[in-house]
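Here the structure comes first, spelled out in structure tokens, and everything after it is commentary.
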Amino acid sequence: MSSKQPPLYESHCRAGADFTDFGGWEMPVSFDSIREEHRSVREDVGLFDVSHMGQLAVDGPEAETLLHRLTPSEVRGLEPGDALYSCFLQSDGVILDDVVVYDHPVESEYIVVPNAGHDEAMYDRLREHADRWGLDVTLANRTTELGMIAIQGPEAVDRVDAEGTQQLDALEPFTTTQTSIGDIECLVARTGYTGEDGVEIIFPGDEATTIDRRFDDVRRCGLGARDTLRLEAGLLLSGQDFHPDDEPHNPFEAGIGFVVDFDDEAFVGRSALEQTRNEGIDERIVGLRLEERAIARHGHRIVADGDDVGRVTSGTMSPTLGIPIALGYVDADSATPGTELAVSIRDRTADATVVDTPFLESYDE
């Protein structure tokens, strides 16, 4: 089965991108240097094509009720223009996928953005539960119809302001607005996946070339820099830092317990999460700073005094800090910042220290 191509694929080719398959999409992993792309976002501005992310429209009289029951978050508290980070859970509380829910600022609908390659499964989940609960909703999977770019970095908002009809400096984090870029209506959200300020812009896929030309002076960045940036910010990667089969974890173990609202009425997975809240967790995700120049990778063992206490889920050499960093799950007794552990890498072990994330805020030179 061939990979899908995002609306900006031809533009990426002209820019000399190296491609990789990600979630069933042929996406640019880098254009030049991952390190330079990373630096551009930390210090200036960079543009990512994120059209591989899902775009699910949920409308109708009981759309709010459906999303309220399928996520553990207070969807009913959203106002038009709000955005919410949450997740879909199994009945045992295990994370299926993390999502962003936009309460559209103009239309009556919600936009649910799951991770790349998960749009069909999450659409089916919405449809199945709407039917099971007899809810009056209208669903549409618009993933292949829409384009989405992320413009991130300290200068991102000013750069987008130069093109749009709405000034975004007053737009709060995790809120959205509708604006025109040229004569193209776009949904702009002050959200991102880099740890920097910036926005994500959703637009009709057949207008991708026009949108792209408006930002042709902004450095193109690929999935390689996106990964190093999100890891420095301590942000989770679906399918790697959690996965219902390979890395089955609930929100408390995955460090995103803030999405769970127990004041809410029944939601899928509530009973299991209440039990977890009462009994506590056996392991949790932590940040690791390696004390020598060795890269921890997914699946590497985390040890203490020769005994396994966990495993790495993500790791890289931090371009900003110049040190190896990682995320991984460890026994709850080993999760306190400052705890000295080690990571088994090939035929040796590398000393590591548990640190708070984001790494950029916890690193002490």
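List of remarks:
- Selection within the stretch 298-320 - closer than 24 Å to Glu37 by Cα and exposed (fewer than 15 other Cβ atoms within 10 Å of the Cβ): none
- Filtering the stretch 333-365 to residues that are aliphatic (A, V, I, L, M), farther than 12 Å from Ala304 by Cα and touching an Asp or Glu at 6+ places or on another chain (Cβ under 6 Å) leaves only Leu360.
- Within the stretch 3-48, the residues that satisfy the criterion of being in contact with an Asp or Glu (Cβ under 8 Å, 6 or more places away or on another chain) and part of a loop (DSSP other than H, G, I, E, B) are Ser3, Gln5, Pro6, Pro7, Leu8, Gly16, Phe31, Asp44, Val45.
- All positions within the stretch 177-197 that are over 17 Å from the mean Cα position of the chain (by Cα) and either crowded, with 19+ Cβ neighbours inside 10 Å or among the hydroxyl-bearing types (Ser, Thr, Tyr) (or both): Thr177, Thr179, Ser180, Ile181, Cys186, Leu187
- Some residue of the stretch 355-363 being among the aliphatic types (A, V, I, L, M), modelled with pLDDT under 95 and either under 17 Å from Asp241 (Cα atoms) or touching a Ser or Thr at 6+ places or on another chain (Cβ under 7 Å) (or both): yes
- Contact map, the stretch 1-15: first residue at pLDDT below 95, second residue in a loop (DSSP other than H, G, I, E, B), Cβ cut-off under 8 Å, separation 6 or more or different chains; pairs are Met1/Gly24; Ser3/Gly24.
Conditions tested, residue by residue: (1) assigned to a loop (DSSP other than H, G, I, E, B); (2) in contact with a Leu (Cβ under 9 Å, 6 or more places away or on another chain); (3) modelled with pLDDT of 95 or more.
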residue	(1), (2), (3)
Arg289	no, yes, yes
Glu292	yes, no, no
His298	yes, no, yes
Ser314	no, yes, yes
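- Applying the condition of being among the charged types (D, E, K, R) and assigned to a strand (DSSP E or B) to the stretch 321-341 and asking which residue is surrounded by the most Cβ atoms within 10 Å (Cβ to Cβ) yields Asp331.
- When the stretch 56-79 is filtered for residues that are within 24 Å of Phe203 (Cα to Cα) and either more than 19 Å from the chain's Cα centre (by Cα) or open to solvent by 10 Å² or more (accessible area, probe 1.4 Å) (or both), the ones remaining, listed by number, are Val58, Asp59, Gly60, Ala63, Glu64, Leu78, Glu79.
- Boolean, Ser344 is hydroxyl-bearing (Ser, Thr, Tyr), under 27 Å from the mean Cα position of the chain (by Cα) and either open to solvent by 20 Å² or more (accessible area, probe 1.4 Å) or under 25 Å from Arg230 (Cβ atoms) (or both): no
The values are calculated or read from the model by the stated rules, or taken from the named source; none is laboratory data. Keep in mind that this is a model prediction, so the values were computed, not measured. For neighbour counting, all protein chains shown are included, and Cβ atoms are generated from backbone atoms with ideal geometry for every residue, glycine included. Calculation scope for accessible area: heavy atoms of the full protein, side chains included, ligands and nucleic acids excluded. Shrake-Rupley method; radii C 1.70, N 1.55, O 1.52, S 1.80 Å.
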